[in-house]
Amino acid sequence: MKAVVKSGTGVGLEYKDIPKPVPTSNEVLIEVKVASICGTDINYYNWNQSAKDFGESFDIKFPFVIGHEFSGTIIEVGSAVTTRFVGQRVAIETHIPCGKCFQCENGEAHNCANMSVYGTSCNGCFAPYAVADEKITFVLPDEVSFEEGALLEPSGVAIRAVEEAKIQPGDTLVINGCGPIGMFVVMIALVSGAGRIIAIDMDEYRLRMAEKMGAITLNFTKCNTVEEIQKLTKDRNGADVVIETSGSEKAYETIFDMIRLEGRIVTVGNPSGFVNINWTRNVNLKGASIKGIFGRRIWSTWHHLTSLITAKRVNLLDVVTHRFSFAEYEEAFQQIKVGAGKILFINDTKGNKDDG
Ligand SMILES: [Zn+2]
Ligand SMILES: [Zn+2]
């Protein structure tokens, strides 16, 4: 079969023939229907500092098939699989818990001490077929399409950010960074009771998308965002909550000036360098609450999200702007530089059946 492969530490990827995967005893074989490009995949394409850091933390071994956000149908199960069967429509949880550490034994498997990462520590899903341990598969409700299924992983981060931000009815929320996760945050915060939503970015394409969804937008290259937020929140002198999704060190240095006294900050984006914060002024005296998150809760996040989808409270596809085949991967990655929301790969190769 042909797959999108990262072969080494250079820039770019390859579309090349690799053997079709065979499930081990605990794995299922999935025919991939839809996959989606994540920020991590873009880092791998560029092989930047974030990719290097991530690769070191989660044991990258070249070459590997990239991609981790996808949905598909189970077409074969390993000999020891007991909870899944052929024909089930599934998506997968990227963060693979060990099941044995303190966190795993105490309801915190989402932050497993021995976590491995799908599409990083093992082969991913930018291919017609992928294998996954049955324990990381999530069965899609009938109402959730394959395209929506491929978006559950990234939008799961967004719904978790909103939950951890403990949004109260009417809260003013700042979303710093309008990439796909920031956009999913706008969408989910709106149905979770947020009042004003202020979205910040420099990319006009993305700001227009956020505006369409109902956010007030600020281009940080064209205004002083802290001053604008002060003006918009005169009654409380700052936002109730900031959700940081940009991962920029500079942004981390300003988000503390955006919240009101006793405000909350949830951080999602990962800066690659160190961040300077005036801890006394911005955290202690301010009474700030800070919560960092990495990934979703297993499996509560997935159920909360699919409940919103089946009730038609959110339409994840509003964030999708482009669709490509795996063979067009180069075009897809180039599109991101020009302007894009979420980009999907539709597996129209029928599994590359001819070349197995
Ligand atoms: Zn992802
Ligand atoms: Zn564990």
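Here is how the numbers come out for the structure above:
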{"quantity": "Pairs, first hydroxyl-bearing (Ser, Thr, Tyr) in segment 30-42, second within 15 Å of ligand 1 (Cβ to nearest atom) and part of a strand (DSSP E or B), C-beta under 8 Å, six or more apart", "calculated": "36/69; 36/70; 36/342; 36/343; 36/344; 36/345"}
{"quantity": "Residues satisfying the stated conditions in segment 238-254, i.e. in a loop (DSSP other than H, G, I, E, B) and more than 24 Å from residue 168 (Cα to Cα)", "calculated": "247, 248"}
{"quantity": "Any helices (runs of 4 or more DSSP H) falling wholly within segment 65-177 and containing at least 2 residues that are within 16 Å of ligand 1 (Cβ to nearest atom)", "calculated": "146-150, 152-164"}
{"quantity": "Selection status of residue 128, within 16 Å of ligand 2 (Cβ to nearest atom) and modelled with pLDDT of 95 or more", "calculated": "no"}
{"quantity": "Residues located in segment 175-221, provided they are farther than 23 Å from residue 237 by Cβ and among the basic types (Lys, Arg)", "calculated": "206, 208, 212"}
{"quantity": "Segment 92-114 residues that are within 8 Å of ligand 2 (Cβ to nearest atom), paired with ones that are part of a helix (DSSP H, G or I) and of a type in the set (Val, Ile, Thr) (beta carbon under 9 Å, 6 or more apart)", "calculated": "97/136"}
{"quantity": "Positions within segment 34-64 being in a loop (DSSP other than H, G, I, E, B) and either among the charged types (D, E, K, R) or farther than 30 Å from residue 141 by Cα (or both), in sequence order", "calculated": "47, 48, 58, 59, 60, 61, 62, 63"}
{"quantity": "Some residue of segment 12-28 being in a loop (DSSP other than H, G, I, E, B), more than 23 Å from residue 133 (Cα to Cα) and touching a Leu at 6+ places or on another chain (Cβ under 9 Å)", "calculated": "no"}
{"quantity": "Test: residue in segment 66-78 that is of a type in the set (D, E, K, R), within 21 Å of the chain's Cα centre (by Cα) and assigned by TED's automatic domain parsing to the domain that holds residue 142", "calculated": "yes"}
{"quantity": "Residues of segment 219-237 satisfying the condition of being surrounded by 23 or more Cβ atoms within 10 Å (Cβ to Cβ) and in a strand (DSSP E or B)", "calculated": "none"}
{"quantity": "Only listed residue being under 20 Å from the mean Cα position of the chain (by Cα) and within 25 Å of residue 191 (Cα to Cα), chosen from 238, 269", "calculated": "269"}
{"quantity": "Condition met for residue 89 (in contact (Cβ under 8 Å) with a residue 24 or more places away in the chain, surrounded by fewer than 21 Cβ atoms within 10 Å (Cβ to Cβ), farther than 25 Å from residue 2 by Cα and touching a strand residue (DSSP E or B) at 6+ places or on another chain (Cβ under 7 Å))", "calculated": "no"}
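The values are calculated or read from the model by the stated rules, or taken from the named source; none is laboratory data. From a predicted model like this one, the values you see are computed outputs, not experimental measurements. All Cβ positions, even for glycine, are placed from backbone atoms using ideal geometry, and neighbour counts span all protein chains on display.
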